[in-house]
C-alpha cells in the first residue's frame, strides 16, 4: 500500500519552500527552518541541486531575520515600547 518516500524530491521541495517562506513569513523564520531541514535531507541523500536551493533559502531567511531584529531594536529604542 504505502510507497517509499523519495527523500531527494522532499529536500528539493523544501529548498523551494524555504525561499518562498523567507519572503512570506514574519522575520524569515519559516525559510530558516525549512531550509535547515531540507539541507539535512539533501546532505543525507546527496542531492546537490536541492542543497543549493536550501542554502539560498537559509541565507535569505537569515538576512530577513537580522533585518527584522535590527528594526525591532531600533523601534524599541526610539519609542520605548515593543513595536507590535
Completion exercise
Given the conditions (1) in a helix (DSSP H, G or I); (2) more than 9 Å from the chain's Cα centre (by Cα); (3) surrounded by fewer than 17 Cβ atoms within 10 Å (Cβ to Cβ), every one holds for residue 81 apart from (1)
Handout entry: Residues being surrounded by fewer than 20 Cβ atoms within 10 Å (Cβ to Cβ) and part of a helix (DSSP H, G or I) - total across the range 20-63
Key = 22
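Quick note: the coordinates plus some simple rules give every number you see, no bench work behind them. These numbers were taken from a predicted model, which means no experiment stands behind them. Neighbour counts run over all protein chains shown; Cβ positions are idealised from the backbone, glycine included.
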